[in-house]
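Since the structure comes first, as structure tokens, the remarks are kept for the end.
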Amino acid sequence: MTQQCFDKAKTLIDAANGEDPNQEINEGKNWPKELLYSHRMSDMLERYAPEADDVMKLAVRAQHIQRWKSPRSDYPMNRRGYHQWRTGLTKFHADTVADLLAKAGYENILIARVAQAVGKKTLKTNPDTQLLEDVAGLVFFEHYLLEFASKHPEYDDEKWINIMDKIWRKMSVQAHQFVLDGHIKLSEFFATLIRKAVI
């Protein structure tokens, strides 16, 4: 029964993310953007924490579930609006995955644990939330940092060090060591800036 619930939940999550109208090409294949992201999250979890349980496998898979349905443009384009968007977004993700897990047949205790991690609750004190944040940071560094950089050619080294320091501070010591030991792919430029950011 547990395996059936897990398989059904993963199928439902993938189907939900597969509806993303935004497309991204990876290794010659066209992907719905959030479906590709969810697969990258799962792959990173396997590399970083292969012993993770089903709760975390589902949580990382649903980290950005149907993110396009809560666009940044729905909120004021200022700092306060950004924080309102982030707060609303994490609640949207948590509620969406909770509904899908219920459809898959999971009980409330597991659903609450997944939703708490996806909702980014109690970072630094909840190991589930911390693990999800670690994986998200690692995926950003490996897959999205260069793309983000291409959109901001005006940023100097100091600005990049500040950005990476903010991400770094959300990650655990274990995730820091994973990066510093060379377990993720980074350009030499950003590898050097990360070292500068953490010294």
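From the set of residues in region 99-120 that are modelled with pLDDT of 95 or more and buried (at least 21 other Cβ atoms within 10 Å of the Cβ), which is nearest to the chain's Cα centre (by Cα)?
Ranking the qualifying residues of region 99-120, first place goes to 118.
From the list 189, 140, which residue is over 19 Å from residue 47 (Cα atoms) and in a helix (DSSP H, G or I)?
So the residue among 189, 140 that is over 19 Å from residue 47 (Cα atoms) and in a helix (DSSP H, G or I) is 189.
So which helices (runs of 4 or more DSSP H) are wholly in region 1-98 and hold at least 1 residues that are at pLDDT below 95?
Result: 2-17.
Residue 21 - would you say it is touching a Gly at 6+ places or on another chain (Cβ under 6 Å) and not aromatic (Phe, Trp, Tyr)?
no
Mind telling me which of the residues 166, 151, 159 ends up being without any contact (Cβ under 8 Å) to a residue 12 or more places away in the chain, within 26 Å of residue 26 (Cβ to Cβ) and basic (Lys, Arg)?
The unique qualifying residue is 151.
The values are calculated or read from the model by the stated rules, or taken from the named source; none is laboratory data. Being a predicted model, the structure only gives us computed values, none of them experimental. Quick reminder, even Gly has a Cβ in these numbers, built from the backbone with ideal geometry, and neighbours come from all protein chains shown.
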